[in-house]
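Heads up, the thing below is written out as structure tokens.
The values are calculated or read from the model by the stated rules, or taken from the named source; none is laboratory data. In this text the structure is predicted, and so the values were computed from the model without any measurement. Every residue, glycine as well, gets a Cβ built from its backbone with ideal geometry; the counts of neighbours run over all protein chains shown. Side chains included, ligands, DNA and RNA excluded: accessible areas come from the protein's heavy atoms. Shrake-Rupley method; radii C 1.70, N 1.55, O 1.52, S 1.80 Å.
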Amino acid sequence: MKRCFEGIGLQCFLKDGPMAATQSQKYLLVFDFDETIVNENSDDSVVQATPEKKLPESIRQTFREGFYNEYMQRVLKYLGDQGVKMSDFKAVYEKIPLSPGMQKLFQFLSKHQNHFEIILISDANMFGIECSLKAAGAHSLFRKIFSNPSSFDKTGYFVLGPYHSHNCPRCPLNMCKQKILVEYLEERAQEGRQFERIFYVGDGANDFCPSMAMKSSDVAFPRKGYPMHRLIQDMEKNQPGTYRATIVPWESAIEVCSHLQEVLKEAS
């Protein structure tokens with residue numbers, strides 16, 4: 001059961017705006033956010049809002065692998081203690097640069113909305129993602145956004161929660177992107193929407209897991225040299241034939257755009 005939170009921190013976001021589904025949308029396009037849509041890790045970027053522009057070692061040393069969400073809860077409390085307010089967070093998120101070529105890709109997608117249903121799955125937070133996408137003029141492209149619930153409490157502190165719980169050994173405790181993707185596909189199938197192909201654009205280790213659920217006709221776009229790409233390469237080397245999706249690494253999102261253009265040409 002998905003939980004949706006009202007207010008600033010919507011955990012899942014659904015719209016019937018410009019990117020509302022049409023019957024001709026044959027393809028599902030899935031994006032990660034940090035270091036995929038934007039060219040930085042937004043959790044690192046918000047630290048720039050502190051007077052020292054860095055975290056004390058006492059906070060940094062509390063990080064444990066697989067418990068990143070809990071770590072960020074402590075980071076955000078520290079930022080609140082330093083007087084960082086909603087407007088400061090918003091200003092940081094709005095200034096995070098897009099990855100190379102991403103604006104071009106968004107322009108292409110805005111012209112071909114009848115072919116692609118677009119969603120975003122991110123282990124960042126809903127407030128930051130919405131601020132960034134709105135600043136980039138790309139918010140309306142996404143039919144649904146899945147991210148960790150976030151809000152500002154009565155004292156003005158930015159608070160973060162986990163997305164869900166799961167049993168996947170590959171993923172951090174608060175989010176398995178494969179679980180989210182599979183449940184979304186099941187939900188859309190129940191609503192009468194089947195996709196011919198899935199395209200997944202990502203960079204991180206947690207993007208590798210959902211791409212494992214894809215078929216040979218689907219396409220994984222791992223950012224070249226980043227953890228998702230390295231994990232795919234390791235699997236191809238150590239377990240040939242296990243990874244099924246077609247692999248198209250990218251340095252600029254223009255390469256993603258070019259591939260999608262070819263897909264539309266072949267389908268026409």
- Message: I'd like the residue in the stretch 108-158 that is within 25 Å of Asp44 (Cβ to Cβ) and acidic (Asp, Glu) and, out of all such residues, is surrounded by the fewest Cβ atoms within 10 Å (Cβ to Cβ).
- Response: Asp153
- Could you identify the single residue in Arg230, Arg170, Arg244 that is surrounded by fewer than 17 Cβ atoms within 10 Å (Cβ to Cβ), modelled with pLDDT under 95 and not aromatic (Phe, Trp, Tyr)? Arg170
- Filter the stretch 173-184 for residues that are buried (at least 20 other Cβ atoms within 10 Å of the Cβ) and in a loop (DSSP other than H, G, I, E, B); which is farthest from the chain's Cα centre (by Cα)? Asn174
- Can you tell me how many residues in the stretch 230-268 are part of a helix (DSSP H, G or I) and farther than 19 Å from Gln103 by Cα? 14
- Message: Pairs needed: first member in the stretch 70-91, under 11 Å from Ile59 (Cβ atoms); second member anywhere, of a type in the set (Asp, Glu) and surrounded by 17 or more Cβ atoms within 10 Å (Cβ to Cβ); C-beta distance under 6 Å; at least 6 residues apart or different chains.
- Response: Met72/Asp43
- Query: Do you know which residues across the stretch 38-95 are out of contact with any helix residue (DSSP H, G or I) (no Cβ under 8 Å at 6 or more places or on another chain), open to solvent by 80 Å² or more (accessible area, probe 1.4 Å) and not in a helix (DSSP H, G or I)?
  - Reply: Pro51, Glu52, Gln61, Glu65, Lys85
- Task: Working only within the stretch 161-201, note down all residues that are over 24 Å from Leu264 (Cβ atoms) and among the basic types (Lys, Arg).
- Result: Arg170, Lys177, Lys179
- Query: For the stretch 96-107, what are the residues that are open to solvent by less than 20 Å² (accessible area, probe 1.4 Å) and in a helix (DSSP H, G or I)?
  - Reply: Met102, Leu105, Phe106
- Got at least one residue in the stretch 208-219 being open to solvent by less than 20 Å² (accessible area, probe 1.4 Å) and out of contact with any strand residue (DSSP E or B) (no Cβ under 9 Å at 6 or more places or on another chain)? yes
- Query: Name the pairs whose Cβ atoms lie under 7 Å apart, with the first residue in the stretch 185-204 and surrounded by fewer than 16 Cβ atoms within 10 Å (Cβ to Cβ), the second of a type outside the set (S, T, N, Q) and part of a loop (DSSP other than H, G, I, E, B), and 6 or more positions between them or separate chains?
  - Reply: Arg193/Ala21; Glu196/Lys26
